Amino acid sequence: MSDWQAVLTAALIGTERAVVPPPPLGFPKPEPGTTTDPASALLDQAALLTVARRAGCRPETAEPPASAGDDPRPAVSEAAGARLRRILGGENADLLHEWLNAAVAHGLRPPPELLPALLDRARRVAATNPDPDEARLRGLVATAGGARATWLAGLNPAWSWLVTEQPAAPPPRRLTEADAERALALAEAQPDINALAQLMAAVPPPWPARLAAKVLTTATGSLSRTPLNASRVIRLAGTRADPALGAPGALADFPPQAPQVLHNMLAVLRFRYEMLRELDAG
Amino acid sequence: MAERWDQARVLTLAPDASSQRSARSLVNARSWITTGSADPAALWGECQGGAAAPYRTAVDLSGRPAYKCSCPSRKLPCKHALGLLLFWSAGGVPPGTPPEWVRTWLSTRAARAQDGKPAEPADPEAARRRAEQREQRVASGLDELDRWLCDQVRQGLAATPKAGYQHWDSIAARMVDAQASGLAERLRSLAAVPHSGAGWESRLLEEYAMLHLLATAFRRQSGPLDTIRSRIGFTVRQESVLADGERVLDRWQVLGRRDMEQERMRTRRVWLRSPRHGRYALVLSFAFPGESFDGALIPGTEADLELACYPDRLRALVVSNQNRARAKPPDGGTVADVLTDWAQALSQDPWLDSWPAVLNAVTPVRTPQPAVCDPAGAALPLHPAAAANWPLFALSAGNPLTVAGEWTPRGLLPLTAWDETGRAVVL
């Protein structure tokens, strides 16, 4: 039994019933003739052993693991990495797909320290998710994360889906010009905001300026009567309209008295413009 | 009126965390019947407190801050003075003409200053008596604590997990009465130990033993007295650190930071190192919910800092901060170097529960336990709280990194890591 174990056992039982072990070799002995309280003597010994054990702490041994190997893709810029951190932190969280799509399209890799948060985020959605963007997320994270994400997933059972499912991201849905014309015709023929909300939810980005303007006009007009669906459509326009509309000077600010949801829509558009510019720059 | 101070600067005047909290509750127009400020640097206010008559509070910021308040609190500044300062900092105090009671106080202070007498303490004899009283109170408090510790060991620690937090709370409350607030905090934190997983018995005995050692050292007045006194709760006032503390002007690297939450207040610890002198410094700051820390010290950067050091030569206040730039990864050592450094630090202060550690070329590993290992295969286990620090593992992906953190008896808390390109990542 180690010296510490002997002292610990006595302390657990209590000096009322247990005998205080003799001081370990090299420790000061009580002066002869003095009678110390056994409890105090035990604490004296425990204090000396505590400091001795802490100061004498020996290193453990371990072997470095196999490396994940090199990722030939260049890293995203520092600004792009900082923006991904903000998105993962909850700011415009629904733009995560767009950030990842753009990074993958440019052949860039996200900052490695954010991979755990990306893997956690993707862990919470299944491939059967009814939202087509969410259903693609695991594949998107796997592709963006590359070999390093696979390496990490091997260490944490919570991410084992990456290894077992080997998800791959199909290319993102993009609105063709012909489809945009069709969508615009449908939107113009649809004054009912509830039907428009349903219709536009199925129209992938990027909405050209004319389509976005039409949708926003209808939605803004219905804001007082059906605020829920109208706000939903306005928010959707912010995340799906052509990001070039978020460029400085492209759109003027709304007057201060305009509904908050319009201000927010414009802020999202501008956020996306900056975000994609950072990823373009590489 | 002098330039408005920011909140962080006001809060540095607080004698302790609880006065910061109570002062915060006074930062609104409701609490003050009247407030005002006047040149050169006087603030005053009447605060509706517990008593029938409002408390009259005044602060003079010309020179070293001075306070006057009609409340019975012995703290300096009291919560009313601190609250008034915070209210002023938030822009709530309008300019005005000082009332009679403020003018009298200010002119007495001015007259004293001209006489060359120190404005404080007003009565050196009374101050000496108060200090003596406190020494006695602390001494008898520590005797009581030591008896309590011996009782625990006499009855045996095996039954401790059944005790509720009151078990520690009542002895902690006794330490507050004895004006040993440092011990009170420590004792309260012990309630979590029996539920901290395998090995709690050892950790609890270690804590009791080190408190016993502290009580013994204070009784005998032997050992590193500055350290002993600061751990008991004898605080050194910031203004005296600024006035009399050792000043160090150097190029300091910001190694890392660690935020902790206690009760409702958050504490930030920032570790600095001077590459030229190999010396460490620790800067503490405090923030309430909804407030952010002063972000002037960014891990991975370096700056010309003038520090005013506390007597322990580790804790410091930042007096000036200039020429910030991105820094190279810090020069560190091996696992063996960190442990040698730790043993050396313990020999100066056996009560240390953490010490900065800078490691070059270490690789995080998962097995046999989460750790970082150096090229020689020597490993430092990660603290249980850091075992799931996945960003550290992701950054490495099996490649060596430079890691700065705190070494503790329970393992390494990594705070900042530098990848192979020299980029710093806050963990």
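Here, each number is a calculation from the coordinates, and none is a lab measurement. The structure presented is a predicted model; accordingly, all values stated were derived computationally and were not measured. All Cβ positions, glycine included, derive from the backbone under ideal geometry; neighbour counts span all protein chains shown.
Some values worked out for this structure:
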| read-out | value |
| --- | --- |
| Shape of segment A:3-55, Cα gyration tensor, a/c cut at 1.5 | oblate |
| Selected from A:189, A:219, A:209 as most flexible by GNM, with chain A as the system and alpha-carbon contacts under 10 Å | A:189 |
| Distance between segment B:64-82 and segment B:253-269 - C-alpha centres, whole angstrom | 27 |
| Number of partner chain Cβ atoms within 10 Å, mean per residue of B:209-215 | 5 |
| Overall dimensions of chain A by Cα: Rg and Dmax, Å | 31.3, 106 |
| Sites residue A:209 and residue B:353, calculated FRET efficiency, Cβ-Cβ separation with R0 35 Å, nearest 0.05 | 0.05 |
| Dipole magnitude of the protein assembly as shown about its Cα centre (Cβ charges: Lys, Arg +1; Asp, Glu -1), debye to nearest 20 | 980 |
| Rounded, prolate or oblate (a/c below 1.5 giving rounded, otherwise prolate when a/b exceeds b/c) for segment B:335-426 by Cα gyration tensor | prolate |
| Cα-based Rg / Dmax (Å) for segment A:148-208 | 19.4, 55 |
| Longest segment of chain B lacking trypsin sites (Lys or Arg not before Pro) that sit in a DSSP loop with at most 15 other Cβ atoms within 10 Å | B:75-236 |
| Extended-chain gain in nm, criterion 0.36 nm per residue less alpha-carbon gap, residue B:173 and residue B:196 | 6.0 nm |
| Label-point gap, in nm, between residue B:130 and residue B:258 - each point 7 angstrom along Cα→Cβ | 3.4 |
| Rounded D (µm²/s) - the protein assembly as shown, Kirkwood Rh over Cα pairs, Stokes-Einstein at 20 °C, 1.002 mPa s | 71 |
| Most mobile listed residue (B:248, B:362, B:335) in chain B, GNM with C-alpha springs under 10 Å | B:248 |
| Partner chain coverage, peptide B:334-341 - average Cβ within 10 angstrom | 2 |
| Cα gyration tensor category, rounded, prolate or oblate, for segment A:177-281 with a/c compared to 1.5 | oblate |
| With at most 15 other Cβ atoms within 10 Å, longest stretch of chain B clear of loop GluC sites (Glu not before Pro) (DSSP) | B:4-245 |
| Chain B - charge dipole about Cα centre, Lys and Arg +1 at Cβ, Asp and Glu -1, debye rounded to 20 | 660 |
| Charge context of residue A:112, other residues only, Cβ under 15 angstrom, K/R +1, D/E -1 | -2 |
| Cα centroid separation - segment A:135-150 against segment A:1-26, whole Å | 55 |
| Percent of C-alpha pairs per 10 Å bin, segment B:125-232, short to long | 14, 46, 29, 9, 2, 0 |
| Residue B:324/residue B:242 FRET efficiency (R0 25 Å; Cβ-Cβ; nearest 0.05) | 0.70 |
| Neighbour-limited loop hits for trypsin sites (Lys or Arg not before Pro), segment A:63-147 (at most 10 other Cβ within 10 Å; DSSP other than H, G, I, E, B) | A:124 |
| Where labels lie 7 Å past Cα in the beta-carbon direction, separation of residue B:123 and residue A:91 in nm | 5.7 |
| Between segment A:192-265 and segment B:314-332, the alpha-carbon center distance in angstrom | 48 |
| Residue A:174-residue A:225 FRET efficiency (beta carbon distance; Förster radius 41 Å; 0.05 resolution) | 0.80 |
| Straight-distance crosslink candidates among lysines, where the alpha carbon sits under 26 Å from residue B:79 and sequence neighbours closer than 8 are dropped | B:68 |
| Among B:110, B:316, B:191, residue whose mean-square fluctuation peaks in a GNM of chain B (springs only between Cα atoms under 10 Å) | B:110 |
| Taking all pairs of distinct alpha-carbon atoms in segment B:198-327, Kirkwood radius in angstrom | 16.7 |
| Likely footprinting exposure, B:208, B:165, fewest C-beta neighbours within 10 Å first | B:165, B:208 |
